Amino acid sequence: MTAPARNTPLIHSIPGPSFSHATAAAIAKVLFVSARGAGRAQIAAAFFNQLANAGLARAVFAGIRPSAHVHPEILGAMREVGVRIPLFTSLPITPELARDASWLVTLGCRDECSAAPGAQQEEWPVADPADQPLDVVRHIRDAIRARVWSLIVREGWWRFGQSPF
């Protein structure tokens, strides 16, 4: 099996139903962006796609200066809560990726990213988990999950009967 091309939306999304252009008009696209796209944005997109109703909204992630690897401490912390993070890193935020986003959520990089004109924008001042001890990464993971759940509830995108806590 060959890997998808690097410029397809599937590369940016976390496992779950794929985000296609045919359903893009009906499904809100939430774009999570962090400085390197190797931690916070991936955590947020993974939780979002696990918790949100995929028929209403999907998340993708990007980095301003994408890292060449996903931080191993992130992979471990997410495995602990049963969430799989892909091993690939994000692509840079581009106008094409941001074009049809309904939401742009920046994680510690608002000053560097405003690439989604017309999208609702929100900054989540979350510490960078890179090279942090596992207990710090767990705290960051849980803070991001709480913010993701709050966004899902606020926008009405939850899966009925499901709670992250």
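As a summary of the residue check, E73 satisfies the conditions (1) more than 24 Å from P133 (Cβ to Cβ); (2) among the acidic types (D, E); (3) part of a helix (DSSP H, G or I) except for the one numbered (1). The condition (being surrounded by fewer than 17 Cβ atoms within 10 Å (Cβ to Cβ), among the basic types (K, R) and touching an Asp or Glu at 6+ places or on another chain (Cβ under 8 Å)) is satisfied by just one residue among R110, R79: R110. On the given criteria, is V60 part of a strand (DSSP E or B), in contact (Cβ under 8 Å) with a residue 60 or more places away in the chain and closer than 12 Å to F32 by Cβ? The answer is no for V60.
Looking across the stretch 129-148, just one residue is within 17 Å of the chain's Cα centre (by Cα), at pLDDT below 95 and surrounded by fewer than 19 Cβ atoms within 10 Å (Cβ to Cβ), and that is A130. Scanning the stretch 109-146 for residues that are under 16 Å from F32 (Cα atoms), assigned to a loop (DSSP other than H, G, I, E, B), touching a residue at least 40 places away in the same chain (Cβ under 8 Å) and of a type outside the set (A, V, I, L, M) gives C109, C113, W124, D128, P129. If we keep just the residues of the stretch 82-97 that are more than 14 Å from N49 (Cβ to Cβ) and hydrophobic (A, V, I, L, M, F, W, C), which is surrounded by the most Cβ atoms within 10 Å (Cβ to Cβ)? Ranking the candidates gives I93 first.
Between S114, S102, S163, which is at pLDDT 85 or above and of a type in the set (S, T, Y)? Selected residue: S102, the only one of S114, S102, S163 that is at pLDDT 85 or above and of a type in the set (S, T, Y).
State whether one or more residues within the stretch 97-113 are touching a helix residue (DSSP H, G or I) at 6+ places or on another chain (Cβ under 8 Å), over 19 Å from S150 (Cα atoms) and among the small types (G, A, S). No - not one qualifying residue is present in the stretch 97-113. Of all the numbered requirements in (1) part of a helix (DSSP H, G or I); (2) more than 15 Å from G39 (Cβ to Cβ); (3) at pLDDT 90 or above, G82 misses one, and that requirement is (1). Candidates in the stretch 37-76 are the residues that are buried (at least 24 other Cβ atoms within 10 Å of the Cβ) and of a type in the set (V, I, T); of these, the one that is farthest from R138 (Cα to Cα) is V60.
The values are calculated or read from the model by the stated rules, or taken from the named source; none is laboratory data. Quick caveat, the model's predicted, so the values are computed rather than measured. Cβ atoms come from the backbone with ideal geometry, glycine included; neighbour counts cover every protein chain shown.
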